[in-house]
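Input: a single structure, listed below in structure tokens.
The values are calculated or read from the model by the stated rules, or taken from the named source; none is laboratory data. Every value quoted in this text rests on a predicted model; they were computed, and no experiment measured them. Neighbour counts are summed over all protein chains in view; Cβ atoms, including those assigned to glycine, are modelled from backbone coordinates with ideal geometry. Only protein heavy atoms, including side chains, enter the accessible area calculation; ligands, DNA and RNA are left aside. Shrake-Rupley method; radii C 1.70, N 1.55, O 1.52, S 1.80 Å.
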Amino acid sequence: MNAIPNAKPLTHDTDGPATRDRILLEAARLFRHHGYAATTLREVADAAGVKAGSIYYHFESKEQILGEVLDKGITTVADTVRARVDALPASAPWRDRIAAGIEGHLWGLLQHGDFTSANIRIYGQIPANAKTHHRIVRRAYSDYWDRLLESALASGELRQDTNTAMIRLFVIGALNWTVEWYNPHRGSFQDFSRQITAIIFDGILSHDGAALSKISMEKSEN
């Protein structure tokens, strides 16, 4: 098979962590754009600038590479979220903690776009045993958000008619897809994060519009 167009010059194949990290990065990029099944180890090797057979010095199989790409797509985001939330004072209101979590999720997501996008795009394509392992990593992150939201609900800072699992699915699902359309040239990350957070907390209606909508809903229920 021919090398892919942007293949890198060959380097020392066994030069430790740097080569290993490069293989993972290129694998994530290829999985993101071409899918898991359509990506070959030779293509990964060409993109990383190593000989195809040398990949086995760092990884036992393509499936191991997949597993590490998927795990990094979650753990980098989860670690950033926890760091942002933990940096707040113990007395911080839950709104501030959720906002910090949103900012952390966006930052981790967008700073490691190939890993996070690959995680989102190819999850449905991966082998069953890889999915079983990775589901544990995903569940741990979901549980973190569930605890955050349930604490906010218990404190009275969230509407009592809400379901925290539904909130988590909606918020994380919406945040995840920003990796596909976010454009850093259209403003700062801070402004982007603030706008996303405001939409999640306050919706898209003005206060007057929200009041009119509530009246309309109450009338339709009567």
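Quick one: accessible area per residue over the chain, 1.4 Å probe, rounded to a whole number of Å²?
57
Share of the chain's accessible area from carbon and sulfur, percent, 1.4 Å?
After summing per-atom areas, the C and S share lands at 56 percent.
Number of Lys-Lys pairs in the chain under 22 Å by Cα, sequence gap 8 or more or different chains?
Qualifying lysine pairs in the chain: 6.
Counting only GluC sites (Glu not before Pro) that are in a DSSP loop and have at most 15 other C-beta atoms within 10 Å, tell me the longest site-free stretch of the chain.
61-156
Putting +1 on Lys and Arg Cβ atoms and -1 on Asp and Glu Cβ atoms, find which of Thr162, Gly67, Trp181 reaches farthest to the positive end of the dipole of the chain.
After comparing all options, I get Gly67.
Considering Cα pairs under 8 angstrom that are at least six residues apart, work out the relative contact order of the chain and quote it in whole percent.
20
Quickly rank 113-122, 32-41, 129-138 as a protection proxy: mean count of other C-beta atoms within 10 Å, highest first.
113-122, 32-41, 129-138
Using the Karplus curve 6.51 cos²θ - 1.76 cosθ + 1.60 with θ = phi - 60°, work out ³J(HN,Hα) for each residue of the range 54-60 in order, rounded to whole Hz, and write x for Gly and Pro.
Karplus-based 3J(HN,Hα) across the range 54-60 equals 6, 4, 6, 6, 9, 9, 6 Hz.
Rounded to the nearest 500, what is the chain's calculated 222 nm mean residue ellipticity when only DSSP H runs of at least 4 contribute -39500 (n - 2.57) each, over all residues?
-23000 deg cm²/dmol
Mind pulling the angle between the C-alpha long axis of helix 17-34 and the longest principal axis of the chain? Nearest 10 degrees, somewhere in 0 to 90.
In the chain, helix 17-34 runs at an angle near 70 degrees to the longest axis.
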